[in-house]
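Below: the structure, in structure tokens.
Each reported figure results from applying straightforward, stated rules to the coordinates on display, with no laboratory input. Since this is a predicted model, take the numbers as computed values, not measurements. Every residue, glycine as well, gets a Cβ built from its backbone with ideal geometry; the counts of neighbours run over all protein chains shown.
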Amino acid sequence: MTARLKVAVVGAGGWGEQHARIFAQRPDTDLVAIAGRTERRTAERAAAYGTRPYTDLTAMVEAERPDLITVSLPNEGHFEPTLELIRLGVPLLVEKPLVFDLAEADKLIAEAAERDLFFGINFNHRYAEPVLRARQAIANGAIGDLVFATWRFGGEPNFGTSPHANLIETQCHGFDMLEHLCGPITSVAAQLTDKTRTGVYTTLAVALGFADGAVGSLVGSYDSSYAYPGTQLIELNGTAGRALIEDTVARLTLQSVGDETRHVWQAGYFNDAARQFHLTFDRHVDAVLAALRDGAEPPVHARAGRRALALAMAVIESFETGRRVCVPAEVPAEDAS
């Protein structure tokens, strides 16, 4: 594909506007449609970006013939629309979480595979500048052999009907990021609390074991605030040094064992592209469109969403049984072929 790609966005909500923004402003894409659940809101979003509104997915695909559809719907409303779009045979980029049920995840992935369909998921944290630099530092041996890793992420709630929304829809980023940087997680042991909302597990702490023998921790919460500094933190401690990622895009600190000098990356005055969280999605889209044009797999396949969900389900099992749960290691999605 060398011509401008026709892209349709499914979802007229808050993050769906980032989808519309990206494809409306890129010189290599045409935003041909916005599809949504409610007629007025969908029409308003489409008008704002100079495109056409639809409330019927099949009608939209038949009329517009998009080269790519991106999906940004409420967390627990992903399965049916995604399955419909897969069966319509259009390449897809979907938002996290993939779904809340492993059987549904398996069905989506299997039906996409039957059609040899491009099927990516937007784990955009991978494209933050500190994460890209940390991954390169790890590959270069800057921290040596990993000994422990920590993920912490907490903010305001995004309640749905699931008692495990925080675990599945927010901390999926943590599972994906830890495996992206540290390799497969092979065991989990969990504590969850519903202290602030009976029957809904708003805060959790998980002990992790990695395939290479390293250990880790994941702390996630709906009982915190995105206004707090240090809302999100990743620490990677190895035999040769440490990497510290703060607030996803804010700062990367690298330090060698015994060296009181720290090496810090932080976006400069004019580097808005690296400073702003929502622009990590723009970077991911660059990679998505390059892969789509080349006929390659997505840079982050939907299998990564299924993997994060499998780890979340192991956490639930650990909490409910009071036992450590082993999880089969999987090849990272970007390395699978």
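All other residues whose Cβ lies under 15 angstrom from that of residue 241 are scored, Lys and Arg at +1 and Asp and Glu at -1, for a net of 0. Among 226, 210, 269, which residue has its Cα positioned farthest towards the positive end of the charge dipole of the range 172-280, with +1 placed on the Cβ of Lys and Arg, -1 on the Cβ of Asp and Glu, and the dipole taken about the Cα centre? Of the options given, the answer is 226. What the phi angles of the range 202-214 give under the Karplus curve with 6.51, -1.76 and 1.60, with θ = phi - 60°, is a coupling list of 8, 9, 8, 9, 10, 8, 10, x, 9, 4, 8, x, 6 Hz, glycine and proline written as x. Axis of helix 79-88 versus longest Cα principal axis of the chain: the two differ by about 50°, to the nearest ten degrees. Considering only beta bridges that DSSP places wholly inside the chain, some 60 percent are antiparallel. Taking other Cβ atoms within 10 Å as a rough exposure proxy, 198, 29, 248 sort from fewest to most as 198, 29, 248.
Determine the calculated [θ] at 222 nm for the chain from helices alone, applying -39500 (n - 2.57) to every DSSP H run no shorter than 4 residues and normalising by the residue count; nearest 500 deg cm²/dmol.
Numbers: 10 runs with 112 residues, N = 337.
Helix contribution divided over all residues of the chain: -10000 deg cm²/dmol.
Summary of the geometry: the range 42-99 and the range 255-299, compared by the centres of their Cα atoms, lie 27 Å apart.
Angle check, please: helix 39-48 long axis (alpha carbons) against the longest principal axis of the chain (alpha carbons), in degrees 0 to 90, nearest 10. Result, in degrees: 80.
Could you tally the net charge around residue 262, taking each other residue with its Cβ under 13 Å from the Cβ of residue 262, Lys/Arg +1 and Asp/Glu -1?
Values: positive: 242, 251; negative: 246, 259, 260.
Net charge in that neighbourhood comes out at -1.
For the chain, report the % of Cα-Cα distances exceeding 35 Å. Tail of the P(r) past 35 Å holds 22 percent of the pairs.
Which residues in the range 175-214 have a backbone N closer than 15 Å to a point placed 7 Å from the Cα of residue 324 along the Cα-to-Cβ line? Once the point is set 7 Å along Cα→Cβ of residue 324, 185-191, 206-214 turn out to lie under 15 Å by backbone N, inside the range 175-214.
Quick one: what do you get for the range 195-337 if you divide its Cα Rg by 2.2 N^0.38 Å?
Details: Rg = 18.5 Å, N = 143, 2.2 N^0.38 = 14.5 Å.
Against the empirical 2.2 N^0.38 Å value, I get 1.28 for the range 195-337.
Note the full-extension length gain between residue 273 and residue 59 as 0.36 nm times their separation in residues minus their Cα-Cα distance, in nm to one decimal. Display every interim value, and only then the final one.
Working: separation 214, 0.36 × 214 = 77.04 nm, distance 3.61 nm.
Additional length available on full extension: 73.4 nm.
If only the Cβ of Lys and Arg carry +1 and only the Cβ of Asp and Glu carry -1, the dipole of the range 5-124 around its Cα centre is close to 440 debye. Sequentially through the range 226-235, phi angles give Karplus couplings (6.51, -1.76, 1.60; θ = phi - 60°) of 5, 6, 6, x, x, 4, 10, 9, 10, 10 Hz, Gly and Pro residues having no value and appearing as x. Under Stokes-Einstein, with the Kirkwood radius over Cα pairs as Rh, the value for the range 5-124 at 25 °C and 0.890 mPa s is 174 µm²/s.
Could you list 96, 6, 195 so that the one with the fewest beta carbons within 10 Å of its beta carbon is first and the one with the most is last?
By the 10 Å Cβ count, ascending, the order reads 195, 6, 96.
For the range 260-337, taking the reciprocal of the average inverse distance between every pair of different Cα atoms yields a Kirkwood hydrodynamic radius of 16.2 Å. Rounded to whole numbers, the Karplus 3J(HN,Hα) couplings from phi for the range 311-317 are 5, 4, 5, 5, 4, 4, 4 Hz, using 6.51 cos²θ - 1.76 cosθ + 1.60 with θ = phi - 60°, and x at Gly and Pro. With K and R counted +1 and D and E -1, the other residues having a Cβ less than 11 Å from that of residue 150 yield a net charge of +1.
Exposure proxy for 265, 15, 151: other Cβ atoms within 10 Å of each Cβ, ordered fewest to most, give 15, 265, 151.
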